[in-house]
Amino acid sequence: MLIMNNIKKVFRTDLVETHALRDFSLEVNEGEFVAVTGPSGSGKTTFLNVTGMLETFDGGCYTLDGKDVSQLNDNQRSKLRNEKIGFIFQSFNLIPDLNLFDNVDVPLRYRGFSAKERKSRIENALERVGLSARMKHLPSQLSGGQQQRVAIARALAGEPRFLLADEPTGNLDSLMARQVMQLLEEINQQGTTIIMVTHDAELARRAQRNIHIVDGQVSDYQQLQPVLDLAEA
Amino acid sequence: MFEVRPILSALSRHKSSTLLIVLQIAITFAVVINSTSIIQQRVEMMNRQSGIAEEQLITLNVNAFGKNYDFESNIRADIQMLRNTPGIVDASPVNQVPLSGSSDSMMVAASQEKFDNFERVGTGVFSGDSHMLATLGVELVEGRGFTEDEVAYSADRPEVNSVIVTRSLAAKVFPQGNALGKSLFYGSSPVTIIGIVSKVSGSIVHEPIFEQNLIFAYVRLAAFKRILIKADNQSTADKLLGEVEDLLIQRNPDRVISGITSIKELKANSYSSDSAMTTILCCVAVLLVLITALGLVGIVSFNVNQRVKQIGTRRALGARKIDILRYFLTENILITSLGLTIGIAMTMTFNIYLVEQFNLQPISWYMIPVGMLIMFAIGILSVWMPAQKASRISPAVATQSL
Amino acid sequence: MFAYYFKLSWLGIKRTPMLTALMVIAIGLGIGVSMTVLTVNYLMGKDPIPAKSHQLYHLQLNAMGKGPEWNYTADGYPWQVTYQDVQNVHRSEIPTRKTRSLATGVTIVPDNTIPNETGATPFLESTRAIDRDFFAMFDINFIFGESWNKQVDIDAENVAVINKELNEKLFKGENSIGKQIKLNAILYTIVGVIENWQPTPRFYDLNNGNFNSTERLFIPFSLLPIHELPSWGNNQGWKTETVNTYQDKLRSETTWNQYWVEITSRDQLAQYKEWLAGYISQQKKLGRFQSKKAGATLRNVNQWMEYNHVVSNDSSILVGLSFMFLAVCIINTIGLLLAKFLKRAPEVGVRRALGASRKAIFIQHLVDVTLIGLMGGLLGLALGQLGLVGVKNLYSSYSQLVYMDTSLIIAAIAISLGSSLLAGLYPAWLICRTNPSVYLKTQ
């Protein structure tokens, strides 16, 4: 259960003050697949970063699984992120020096699992994305789609309750994009809540719920839908 | 120079790494300049003319222990034998040896009144026989040397009438000049200056009175005698080091010969701490410059790698190779200038401390500009390679995604 | 977790070998240079007799007349004392132990009349003339026999103490007590054989080379006027007086003897100072000690070493320079670390997203720095040893001096770890504070 109430996020530089999120409120229930859309600069990524506790916020209330995030220090936030949240990114963000096994190992290390536990989790996760045969390969030896599947395996290895995906198919061709999307749907069906930022309307439609962010706020999706369809047509 | 403004703004965005390089250059400059200054002073001191035939000279001690050992006849016979030995030009008994590190000194004055008023001048005291000047190989510039009749052979210090002084001592005691024929006062009866030699090194190289010396015609009769020998050249001198002991022992076995060394070696020993200091400082300075240069290479290479895309974009927008090269060189010159500005202040501060604390000479003014030029050169050399690499970045990278 | 950080660090080193090498070389050179210089400096000034250095006092007297002051020393006191003063102050029974001392020398002559054949050719031997207490004062151990008895210090006898090395040479290491040797033309009886004793610096006589070898032969100081033992050290006078014969010299104002006392309590020290003051006022009546600065000074071992500038100016300058050198190396390393860590920022962003706390990132990078510091330290130790070999070749007189003991090696490692941690603190802090989200969106 994820509840955001009137979240504010302001970026300040010497010259400008940008309100990335203004009175942003949202609830995401257990097991949902939520797609987040919106024009570029609307605050989609900021929303995702705040949700993943990579960024702090300037006002409002954010509760993740009953925990008030604003009350947590960096250590506790990191721990919470490590246990509850998996991340996948548009550019995969695999660590280039580490082979697949070690990449998937990263979050498990911070979790403090035993070596045995980590090994079985890594193998399971890679199995699940169909790459267990390539455990010793480096990311640079894989195709984009494969890399993103490793990233998904890495995000899932710790069995998080939430999976946050930032344009997960943005760097992939359509065939690979479809495969990755299928994988995400499978994962969602097995019970993981997914919040996916995308600008691809077709992908967004495959989610159970769509949230449209405009100017740092959730806009009424139903009203805007025709406009969006028009734009795509 | 153009492009200074964008470079400055780029530098100000990387304040900490710029500051680090600036600081590094500043300290390096301060250390290198001060080290070089010390090195220069030491080398100057070590290269002083000794005024004697140092390469041909060897010395030794005769320590007599026999019960009925006659000091006078033995020293005369030893010297006579040495002078007759092939390869030896001359020999003389001496009380002390130039550059040896152990000295005999006293205070003299231009008049009894000055002596009593403590207006005295320190001087090294040499004594030997009439061949002393010839053995040392010093140049007599005024007056005459000693005759054999003038030489006193005595166990106790005798009353002598005449003295030969170095030009340095003469100038110190008689600043008006014309020292020849004047008298020196040192407590007992005065002595007349009969000759002036151009230069004789004293025994202790770090003493201020190093070149103020006088010579008496006096051979002290004692169990312990020092002898100075002049060989006809350096290789004979080296050969004699191994042979002279046997010669003396064969003539009379009732003594021990010790301290057989060449003046060259004594000189090297006397200056060993200075030459060591020079070597160490050289190493420190060279290594420091090397580290700073390598650091610059490392940082600039890193910056080039970080800015590949940016550089490619510049190239795509029409920058020529030379512009890219110039960008990095200008950046380096700016950083070096800032470093040197701080560096000069640090150099001065450090030098003032050294001068006050350790009585060193202040640095010569010209070392600062020369040092700056060298630091600029080193800076440019260090960034040259990475900057070249940067200038070869293809404009095509601008359109490639990384 | 540390093992994991070490693994990551190792991977990082493999990824940036040049940068790492530059840092290791910088730290290594910094440590190498400063350890070389520090070792020499430390060993020069180190307390040569820690157990007793605060109990042993060297006496200086300023017996000068009116007129110019002694300008060789800062306080106007000659380093050594006259024979007449040494004889007079030796009468005081206040010090626990006391010894007069003079560097002299003899010719050791082989002699068929001595039952034990002592070497084939005569040789010169530097010798120290001292009192019986010398050995006990300076903690010198006897292998055979003991020091001569107290009476010998008053009524001179031809006795000698030799060290182990000379005993090897003369008597093949046997117990030589009671045997005789011929010094110059006189027979001496061996009463004791001591262990080889080489304090560094040679604090008991700082007039004749601070790092020279000690004497191997010791004879009673009371023999001075009898055998007219020559001074092999410095003789300095201030007074215009006729010194032709040895007996003249004994009566003169020439300073050429040394005097040490052992004093074990504050009261004793005060008492002794009072006694010296009394001695000086008595001498003043006799026309001596007329200078404004006339008086007596006692300096303990460490004060005496400092007074004599045992740690040379050059060495102090070098220590200063070497620390500036180390500072440059550290600054250099900070710059390179900033570059290295900055390059790694995207990876740090990913790690943060995957649940690494700032603390974890900070520690990871400190481990990284520690590894580099350790390698730099090892390189520095090797370079330091090399540097010491170099110093040994440069300064012949320091050969006793230059070695690295355990504490110096530990110091070297500690300094290298300390300086690399110092260098790493800011970059590690910077990298753990960066906002991870910046590096996640695009690469």
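The values are calculated or read from the model by the stated rules, or taken from the named source; none is laboratory data. All of these numbers come straight from a predicted model, not from anything done at the bench. Here the Cβ positions follow ideal geometry from the backbone for every residue, glycine too, while neighbour counts run over all protein chains shown. Only protein heavy atoms, including side chains, enter the accessible area calculation; ligands, DNA and RNA are left aside. Shrake-Rupley method; radii C 1.70, N 1.55, O 1.52, S 1.80 Å.
Remarks
- Directionally averaged projected area (convex hull, Cα atoms, chain C), nm²: 29.2 nm²
- Here the dipole of chain A is about 860 debye; that uses its Cα centre as origin and unit charges on the Cβ of Lys and Arg (positive) and Asp and Glu (negative).
- In order along the range C:408-421, phi translates into HN-Hα couplings of 6, 5, 4, 4, 4, 5, 4, 5, 5, 5, x, 6, 6, 5 Hz, rounded to whole numbers, per the Karplus curve 6.51 cos²θ - 1.76 cosθ + 1.60 with θ = phi - 60° and x for Gly and Pro.
- Alpha-carbon centroids, the range C:190-220 and the range B:316-383: separation in whole Å: 52 Å
- Considering only alpha-carbon pairs that sit under 8 angstrom and 6 or more positions apart, the relative contact order computed for chain B is 27 percent.
- Relative to the longest principal axis of the Cα atoms of chain C, the long axis of helix C:2-15 makes an angle of roughly 80 degrees.
- Exposure of residue C:323 as accessible area (Å², to 10), given a probe of 1.4 Å and all protein chains: 90 Å²
- Alpha carbon convex hull of the range B:70-253, volume per residue in cubic angstrom: 119 Å³
- Per residue accessible area in Å² of chain C, where ligands, DNA and RNA are left out and the probe is 1.4 Å: 40 Å²
- Counting Cβ atoms of other protein chains within 10 Å of each Cβ in C:306-318 and taking the mean gives 3.
- The range B:228-277 versus the range A:73-139: alpha-carbon centroid distance in Å: 79 Å
- Residue B:15-residue C:154 FRET efficiency (beta carbon distance; Förster radius 56 Å; 0.05 resolution): 0.10
- Given R0 = 45 Å, the distance between the Cβ atoms of residue C:6 and residue C:207 translates into a calculated FRET efficiency of 0.20.
- Neighbouring Cβ atoms from other chains, within 10 Å of the Cβ of residues in C:19-32, number 3 on average.
- Rounded to the nearest whole angstrom, the semi-axes of the ellipsoid equivalent to the range C:204-352, taken from the Cα gyration tensor as √(5λ), stand at 58, 21, 16, largest first.
- Cross-link pairs exceeding 19 Å in C-alpha to C-alpha distance, out of B:15/C:340; B:182/C:239; B:225/C:239, comprise B:182/C:239; B:225/C:239.
- In terms of packing, defined here as the mean over residues of other Cβ atoms within 10 angstrom, the peptides B:190-199, C:34-43 line up highest first as C:34-43, B:190-199.
- Where only C-alpha atoms are counted, convex hull volume of the protein assembly as shown per residue in Å³: 248 Å³
- Only beta bridges with both residues in the protein assembly as shown are counted; by DSSP, about 70 percent of them are antiparallel.
- The range C:1-55 versus the range B:69-96: alpha-carbon centroid distance in Å: 58 Å
- Estimated vicinal HN-Hα couplings, Hz - the range C:158-167 in sequence order (Karplus 6.51, -1.76, 1.60; Gly, Pro = x): 7, 10, 8, 10, 10, 9, 4, 4, 5, 5
- CD proxy at 222 nm, helix term only [per DSSP H run n ≥ 4: -39500 (n - 2.57); per residue of the protein assembly as shown; nearest 500]: -15500 deg cm²/dmol
- Averaged over peptide A:109-121, the number of partner chain Cβ atoms lying within 10 Å of each residue's Cβ comes to 2.
- Equivalent ellipsoid semi-axes - Cα gyration tensor, the range C:64-293, angstrom: 33, 20, 16
- Accessible surface area normalised per residue over the range A:69-188 is 39 Å², counting heavy atoms of protein chains with a 1.4 Å rolling probe.
- Among the listed pairs A:136/C:359; B:199/C:249; C:46/C:392; B:114/B:172; C:98/C:179, those with a Cα-Cα distance over 21 Å are A:136/C:359; B:199/C:249; C:98/C:179.
- Using θ = phi - 60° in the Karplus curve 6.51 cos²θ - 1.76 cosθ + 1.60, the 3J(HN,Hα) couplings for the range C:58-65 round to 9, 9, 10, 10, 10, 9, 5, x Hz; x is entered for Gly and Pro.
- Helix axis angle, B:71-84 relative to chain B longest principal axis, alpha carbon, degrees: 60 degrees
- Computed from the Cβ-Cβ distance with R0 of 41 Å, the FRET efficiency linking residue A:3 to residue B:320 stands at 0.10.
- When the trypsin sites (Lys or Arg not before Pro) in the range B:62-100 are filtered for DSSP coil states and for at most 15 other beta-carbon atoms within 10 Å of their beta-carbon, the remaining sites are B:67.
- Bridge orientation summary for the range B:70-253: considering DSSP beta bridges with both residues in this region, about 60 percent are antiparallel.
- Sparsely packed trypsin sites (Lys or Arg not before Pro) within the range B:278-342, loop by DSSP, other Cβ within 10 Å at most 12: B:320
- DSSP-loop trypsin sites (Lys or Arg not before Pro) across the range C:254-346, with at most 16 other Cβ within 10 angstrom: C:292, C:293
- In the range B:65-82, burial by the other protein chains removes 50 Å² or more of accessible area from B:65, compared with the chain on its own (1.4 Å probe, ligands and nucleic acids ignored).
- Relative counts (whole %) of C-alpha pair distances in chain A, using bins that are 10 Å wide: 8, 32, 35, 20, 5, 0
- Cα-Cα pairs of the range C:163-254 separated by more than 23 Å (percent): 43 percent
- For chain B, the Kirkwood hydrodynamic radius comes to 26.1 Å, computed from all pairs of different C-alpha atoms.
- Here is the tail figure for the range A:127-191: Cα pairs spaced more than 14 Å apart come to 56 percent of all pairs.
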